[in-house]
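J.: Here it is: the structure, laid out below.
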Amino acid sequence: MPAISIVIPCRNEGANLPGLLDEVAAAMAGRDHEVLVVDDGSSDDTQAVMGARIAAAGDGRLRCLTHDRSAGQSAAIRTGMLAARSPIVVTMDGDGQNDPAYLPRLADALEAAGPGTALVAGQRLKRTDTPLKRLSSRFANGLRQAILKDDTRDSGCGLKAVRTEVFRRLPFFDGWHRYLPALVLREGHAIAHLDVVDRARRHGRSNYGIVDRGLRGILDLYGVWWLRRRCRRVPTATELAP
């Protein structure tokens, strides 16, 4: 069982994946890990690229799971996390904007924080998105913080480290990956943060747009607020010795 699982959701990122996987391998060199790429119903050569990479690697540490149709980023992350074999999962986007150099730092920060902390969330600096995308993210993050009180400046950053056993207790819904800090807090665990520097996309364009996160995000926000109100106390359970 590897110590760390790297989960990379992607859709139509065949041009970005080779360079990104090389960077992941360099960042994780000397660490016991696996990499799970989740192809969310791509229509480009993503599957062919991954097939060639897996055959070349030949060590079982690089895996690819494919959706028969596009189900969204949240579903792709969930697929990877459920298939992960490690106690710690670190996620990153497949478009190359997240720097793989932060992967070991996130995992180390989570381990250093102790078992009471279940999530370390990346917080982007120097955003490279379009002005409209940055403005919409700033508004959404401000509204989310005001309502959920999750103490997180940027919940949309793809770089996150989470304890696998905690993740598997979280309620799932479309758009869920943007509310991981609030959902982890709901389970009675602490969260921590790590500043990361965003990069520009090298090839292609974003496959998950502003509308995905905007209009439907209002309903998601209300849903998470309701979930947190319905779980105000998280008891500690102990089993009696025989």
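The values are calculated or read from the model by the stated rules, or taken from the named source; none is laboratory data. Because the structure is a prediction, the values reported are computed rather than measured. Note: ideal-geometry Cβ built from the backbone for every residue, glycine included; neighbour counts use all protein chains shown. The protein model used for the area step is the full one, side chains on, heavy atoms only, and it has no ligands, DNA or RNA in it. Shrake-Rupley method; radii C 1.70, N 1.55, O 1.52, S 1.80 Å.
J.: Got a sec? Charge dipole of the chain, +1 on Cβ for Lys and Arg, -1 for Asp and Glu; which of M92, V196, G116 is way out at the positive end?
T.: It is G116, whose Cα lies furthest towards the positive end.
J.: Same structure again: Expressed in nm to one decimal, what extension gain is obtained for the pair Y222 and L240 from 0.36 nm per residue of sequence separation less their Cα-Cα distance?
T.: Contour length minus the Cα-Cα distance gives 2.6 nm.
J.: Please give, to one decimal in nm, the separation of the simple spin-label points placed at R31 and D174, each 7 Å out from Cα toward the Cβ.
T.: 3.3
J.: Continuing with the same structure: For the stretch 1-143, what is the charge dipole size about the Cα centre, in debye to the nearest 20, if Lys and Arg each add +1 at the Cβ and Asp and Glu each add -1 at the Cβ?
T.: Dipole magnitude for the stretch 1-143 comes out near 500 debye.
J.: Let me ask something else. Given axes a ≥ b ≥ c from the Cα gyration tensor, I'd like to know whether the chain is rounded (a/c under 1.5), prolate (a/b larger than b/c) or oblate.
T.: oblate
J.: Would you mind getting the accessible area per residue of the chain, heavy atoms of the protein chains only, 1.4 Å probe, in Å²?
T.: 49
J.: Sort the stretch 21-67 into rounded, prolate or oblate with this rule: let a ≥ b ≥ c be the square roots of the eigenvalues of the Cα gyration tensor; rounded if a/c is under 1.5, and if a/c is not under 1.5, prolate when a/b is larger than b/c, oblate otherwise.
T.: prolate
J.: To continue, here is another question. To the nearest 10 square angstrom, how much accessible area does E13 have with a 1.4 angstrom probe?
T.: 10
J.: Full-extension gain between Q47 and A113, please, as 0.36 nm times their residue separation minus the C-alpha to C-alpha distance.
T.: The span from Q47 to A113 would gain 20.1 nm if fully extended.
J.: Order these peptides, 94-103, 59-68, by their mean beta-carbon neighbour count within 10 angstrom, highest first.
T.: 94-103, 59-68
J.: Please report, in debye to the nearest 20, how large the charge dipole of the chain is about its Cα centre when each Lys and Arg carries +1 at its beta carbon and each Asp and Glu carries -1 there.
T.: Roughly 1020 debye for the chain.
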